[in-house]
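Comments concern the structure below.
The values are calculated or read from the model by the stated rules, or taken from the named source; none is laboratory data. This structure is a prediction, so every number in the text was calculated from the model and none was measured. Cβ sites come from the backbone with ideal geometry, for glycine too, and all protein chains shown count toward neighbours. In case anyone asks, the SASA skips ligands and DNA or RNA and just uses the protein heavy atoms, side chains included. Shrake-Rupley method; radii C 1.70, N 1.55, O 1.52, S 1.80 Å.
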Amino acid sequence: MGDTTVNMTGGESEDLPTLNLLHVHYDVKEYIGPWYKGACLRHKSNKKILRDITAQFKAGEITALLGNSGSGKTSLLDVLSCRTNGGVSGKVYYNNQEISKKLIRQKAAYVMQADRLLSKLTVREILTYAAYLRLPGNNSKKDIKIKVQKVINDMGLNTVSDSRVGGLIIRGISGGERRRVTIAIQLLQDPKILLLDEPTTGLDCHTARHLISKLVEIAKRGKIVILTIHQPRSDIFRLFDNVGILSLGEMIYFGMSKDLVPYFTTLGYPCPQYANPLDHYVDLASIDRRGYEEQHNTMFRVHKLIDEYLDSPILQDINDKVMFETLKPRYSFSYRRLFVNLYRERQNWVFRILVAAAYVAVMVAFLLRLQDNQTSIQDRIGLYWQSVSVASFGSIIIAVPTFSNLPSIRDVFYREYRDGLYSIVTFIAAYIVHLIPVQIMSTLVLSAVGYW
Ligand SMILES: Nc1ncnc2c1ncn2[C@@H]1O[C@H](COP(=O)(O)OP(=O)(O)OP(=O)(O)O)[C@@H](O)[C@H]1O
């Protein structure tokens, strides 16, 4: 599979890198009771943080995750970045490859909420030291300088590149610029996936919009950009390609931002004329805990929204896309490659043909002696029994040349299985499927000779 295939102008080619989630659940163990009882004596309970999350994030697109506090936005980013401390079930794939800590370290960068920057250094110095620490040692001084300048340009930090960052006592660059420096540090490694936990928190509306515009530009260069956000302005909402709204750890909407209002309108929740759609629908997905009745009513509404979304064509469409992109291609590529490899193994084919030809010769010699009378019936039955067993005995003979090929197939399988490219079942299924045409051909030949 190709990697980044989005061009610099934002134009997309067919094979975009994607991050797919399929029925992801995230649970943590909670210990209830006083701490001095220790982990063994305290009552353990399973806390469900995320339930049945299916989503697709594509390169070139920016996705915002929203929801009230505690809805599971940060936890979803944690799952995507393999930073969880509980049990994650379901599948998360990057480009049809199941994610692992190693893969995520290579492909993704995570920008946390807090900006931890050394106050006495300038923006350029901070980025240069970060580049020396993060980039491989074979980068020359000149390469580092070029990369630092590139991220400075990308994040629009040119005017402050030689200013000190500053801190609480001595003021330096602004809050928005500090955020952009933090993001620029992560961009040094040219990640394919950029995850940002509430990047606009603490910024005024104008600075927040400017920051999101920069992230849109970064996404257009072929990155997958996913961020969590609280109450974005409506002009910021329009910048997002996709929106995911979470409540109680479940999705109530995941899809294109332009489809958000039509989707909720069909459910009977149109957006009031002058309201910000995101504010309105995040409110709709929130639990009001001020009183029993309010809590009961809002809980009921949220569960209804979750059920509606689970039955929606939007989720069905995402589900189909994720299934298609994760399971089918790997199966078919595994099958196709095995087939091409085995097809080109001439000795394998020669043996198969020789076995079939030898058996046909025996059969013909035997059949020629048979006559059309009562005594030959027993011989004919014996011949048919023999023909049935030829497939299994033939396979044992054919296994001799196949075994010479097995070590390489086995080694490739172990490597790719460890990399999470496919499961054992997929590989065995591909191996069996590739044999079907050969088996059909040889069975047809044998049956035809037997019949005539
Ligand atoms: N390791 C953990 N152990 C126990 N509970 C956890 C753990 N991680 C998350 N949670 C709980 O899961 C829920 C979701 O947390 P999360 O931080 O993902 O919410 P959020 O939507 O990002 O909230 P906020 O907007 O306030 O940051 C919360 O109730 C939180 O307490």
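Results, tabulated for the structure shown:
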read-out: Of residues in the range 228-245 being more than 16 Å from the ligand (Cβ to nearest atom) and assigned to a loop (DSSP other than H, G, I, E, B), the one most open to solvent (accessible area, probe 1.4 Å); value: R238
read-out: Of the criteria (1) farther than 19 Å from H303 by Cβ; (2) open to solvent by 10 Å² or more (accessible area, probe 1.4 Å), which one G70 fails; value: (1)
read-out: Residue match in the range 113-127 (condition: in contact with a Cys (Cβ under 7 Å, 6 or more places away or on another chain), more than 24 Å from T201 (Cα to Cα) and buried (at least 16 other Cβ atoms within 10 Å of the Cβ)); value: no
read-out: Residue that is most open to solvent (accessible area, probe 1.4 Å), among those in the range 143-158 that are within 23 Å of L203 (Cβ to Cβ) and under 31 Å from the mean Cα position of the chain (by Cα); value: N153
read-out: Within the range 347-366, tally of residues that are of a type outside the set (F, W, Y), modelled with pLDDT under 70 and either open to solvent by 30 Å² or more (accessible area, probe 1.4 Å) or not in a helix (DSSP H, G or I) (or both); value: 4
read-out: Among the residues listed as L278, L260, the single one being part of a helix (DSSP H, G or I), under 25 Å from K58 (Cα atoms), within 16 Å of the ligand (Cβ to nearest atom) and open to solvent by less than 20 Å² (accessible area, probe 1.4 Å); value: L278
read-out: Hits in the range 284-301 - residues which are part of a helix (DSSP H, G or I) and touching a residue at least 12 places away in the same chain (Cβ under 8 Å); value: L284, T298, M299, R301
read-out: Selection from the range 184-204 of residues that are within 16 Å of the ligand (Cβ to nearest atom) and either part of a strand (DSSP E or B) or outside the structural domain of A219 (by TED's automatic domain parsing) (or both); value: L195, L196
read-out: Conditions (1) open to solvent by 10 Å² or more (accessible area, probe 1.4 Å); (2) closer than 21 Å to Y93 by Cβ; (3) within 16 Å of the ligand (Cβ to nearest atom): number failed by K223; value: (3)
read-out: Residue match in the range 208-227 (condition: part of a loop (DSSP other than H, G, I, E, B) and either aliphatic (A, V, I, L, M) or not assigned by TED's automatic domain parsing to the domain that holds K107 (or both)); value: no
read-out: Residue among S140, S161, S174 that alone is open to solvent by less than 20 Å² (accessible area, probe 1.4 Å) and among the polar types (S, T, N, Q); value: S161
read-out: Number of the condition not met by F254 [criteria: (1) modelled with pLDDT of 95 or more; (2) open to solvent by 20 Å² or more (accessible area, probe 1.4 Å)]; value: (2)
